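Q: Have a look at this one before I ask anything.
Just so it is clear, none of the values below were taken in a lab; they were calculated from the coordinates. Fair warning: this is a prediction, and the values are worked out from it, not measured in the lab. In this analysis, Cβ positions are derived from the backbone assuming ideal geometry, glycine residues included, and neighbour counts consider all displayed protein chains.
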Amino acid sequence: MTFTLVVGAAPAAGADDFYRGLLVSANAVVAARSRIVEGAVGMVEMALNRLTENGVVTLDVERKAAMVSNLMVVLCGDQPPSPVVNAGSLYT
């Protein structure tokens with residue numbers, strides 16, 4: 001499909017509807033992503049709280065930040081997560 005832009009010409013019939021449809025679609029995508037992020041934040045908060053309350057692990061600020069970052073990437077990403085083996089430490 002090719003488009004030709006003619007400066008000063010009247011818009012083609014139906015162009016307003018086309019652009020209105022694009023705007024509606026864009027708004028729907030933004031709303032959906034906002035809900036995904038909102039849900040992910042809730043899941044991360046719940047995970048951190050439960051890990052702490054149940055005494056599963058004690059995380060310092062840096063490790064907690066790394067965990068939050070990793071969980072947000074996995075929960076909000078549009079690609080499947082890829083496992084990574086960490087051979088090092090945050091504290092070298």
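Q: Of all the residues that make up the stretch 61-92, how many are surrounded by fewer than 10 Cβ atoms within 10 Å (Cβ to Cβ) and not in a helix (DSSP H, G or I)?
A: Kept after step one, since they are surrounded by fewer than 10 Cβ atoms within 10 Å (Cβ to Cβ), are these residues of the stretch 61-92: 61, 78-80, 82-89, 91-92.
With not in a helix (DSSP H, G or I) added as a condition, the list becomes 78-80, 82-89, 91-92.
Here the count works out to 13.
Q: Okay, next question. Could you please let me know if Val56 is more than 23 Å from Asn86 (Cβ to Cβ) and either without any contact (Cβ under 8 Å) to a residue 12 or more places away in the chain or not aromatic (Phe, Trp, Tyr) (or both)? Explain how you work it out, then say what you get.
A: On the way: more than 23 Å from Asn86 (Cβ to Cβ): no; either without any contact (Cβ under 8 Å) to a residue 12 or more places away in the chain or not aromatic (Phe, Trp, Tyr) (or both): yes.
Against the criterion (more than 23 Å from Asn86 (Cβ to Cβ) and either without any contact (Cβ under 8 Å) to a residue 12 or more places away in the chain or not aromatic (Phe, Trp, Tyr) (or both)), Val56 does not qualify.
Q: With the requirement that a residue be within 24 Å of Glu38 (Cβ to Cβ) and of a type in the set (S, T, N, Q), what does the stretch 50-92 give you?
A: Within the stretch 50-92, Thr52, Ser69, Asn70, Gln79 qualify.
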